[in-house]
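Trainee: Handing you this structure, nothing more for now.
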Amino acid sequence: MENMGRKAAILAAAVAAVGALGAGYYYRNDIIYKICDIVHPEWNEGEARLTDDLDRRCSLLNNGDGTETVLYDNDTAVTFRRDDGGNLIWLYGTASMIAPLAANYFAFHGFSYPGGHMELAQMTYRIDGTLTPLPEAIPIRSGRHHRTTVINSGGGRGGNSDNDNYERNKSRRIKDISKQSGFGRAGIRSSSGAS
């Protein structure tokens, strides 16, 4: 009976180790991105990590030609471009990924999200209004003290170094993604051209 405490401690340590491995695997791309940010920031140029409305993590990649690709951690991808009105025009990949990402995509670029909807006939995500820049900070009152909470660190206006690296540089990982990404690697059938 006196060994029960020792066995319970070993079992608890094993469960904790498995849990840590699972969490490490789930957040592996975020962890690698942060490590590269510290060790060799050039490896992250043209990339940003985002979360969509369904809490799925993804990398936003600058293609260098006015188009952007979202690569989810499960290797599903969608490529689109933003027009002058702020609408997101699908080019190839899994089009259903655009709508859940829109709010955080626009926030990353420094705009408030007015809402939107997908027009399937044109394969375009239309915003329901105009894009306006996010405020730099909103004062929040708590008790008798006022403090300022930064909502946006300068996203699309050049105040955020992560965004500067994204805007100025093409992602090195974009060559690994083809028009065949998404749709179970059969995305080429729905794309506008051959790869």
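Values in this text are rule-based calculations from the coordinates and carry no lab data. These numbers come from a predicted model, not from an experiment. We place every Cβ from the backbone using ideal geometry, glycine too, and count neighbours over all the protein chains shown.
Trainee: Between beta-carbons, use under 14 Å as the cut-off and find the net charge around Ile98, counting Lys and Arg +1, Asp and Glu -1.
Mentor: Here the count lands on -1.
Trainee: Evaluate the Debye formula for the range 44-125 with equal point scatterers sitting on the alpha carbons, no solvent, and hand back log10 of I(q)/I(0) at q = 0.21 Å⁻¹, in q order, two decimals.
Mentor: Result of the Debye calculation: -0.98.
Trainee: Sticking with this one: How large is the direction-averaged shadow of the alpha-carbon convex hull of the range 60-102, in nm²?
Mentor: For the range 60-102, the mean projected area of the Cα convex hull comes to 2.9 nm².
Trainee: For Ala13, what is the net charge nearby, where nearby means another residue's Cβ is under 15 Å from its Cβ and Lys, Arg count +1, Asp, Glu -1?
Mentor: Around Ala13, the surrounding residues sum to +2.
Trainee: Report the FRET efficiency, 1/(1 + (r/R0)^6), for Lys7 and Met118, where r is their Cβ-Cβ distance and R0 is 41 Å, rounded to 0.05.
Mentor: 0.15
Trainee: Next question. Glu42 to Asn169: extension gain in nm, 0.36 nm per residue of separation minus the Cα-Cα distance?
Mentor: Extending this stretch completely gives an extra 44.8 nm.
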